[in-house]
Amino acid sequence: MSTKKTLTEGQRAYEAKRAAKAGMSLEKWLAAKEKDREAEEKARRKAEAAAKPPKPPGFFARLIEKAHKPLGS
């Protein structure tokens, strides 16, 4: 699901400076950046899948909730 994003001249110049500072070519820099983005996306999806569903309220939480409701009705 990789989409090739075209960069404007300003963005391309900025990324070229960052690549030069890291000692890489622009193409290698952009490939590494895309790989990092994909790894972060994969980790985020894995964390979402591993997240536990919320627990239903416990005994005391239900008692307190009932105590806060008005009488009658």
> Of everything in the stretch 47-62 that's assigned to a helix (DSSP H, G or I) and surrounded by 10 or more Cβ atoms within 10 Å (Cβ to Cβ), which residue is nearest to the chain's Cα centre (by Cα)?
Replying inline: ALA61
> Among the residues of the stretch 7-14, is any aliphatic (A, V, I, L, M) and in a loop (DSSP other than H, G, I, E, B)?
Replying inline: yes
> Between a first residue in the stretch 29-48 that is within 17 Å of LEU7 (Cα to Cα) and a second residue that is in a helix (DSSP H, G or I) and at pLDDT 95 or above, which pairs have beta carbons less than 6 Å apart while being 6 or more apart in sequence or on different chains?
Replying inline: TRP29/ALA19
> Only one residue in LYS42, LYS66 is of a type in the set (Lys, Arg), farther than 20 Å from ARG12 by Cα and modelled with pLDDT of 95 or more, so which one is that?
Replying inline: LYS42
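The values are calculated or read from the model by the stated rules, or taken from the named source; none is laboratory data. Computed from a prediction, not measured in an experiment: that's the story for all the values here. Backbone-built Cβ (ideal geometry, glycine too); neighbour counts: all protein chains shown.
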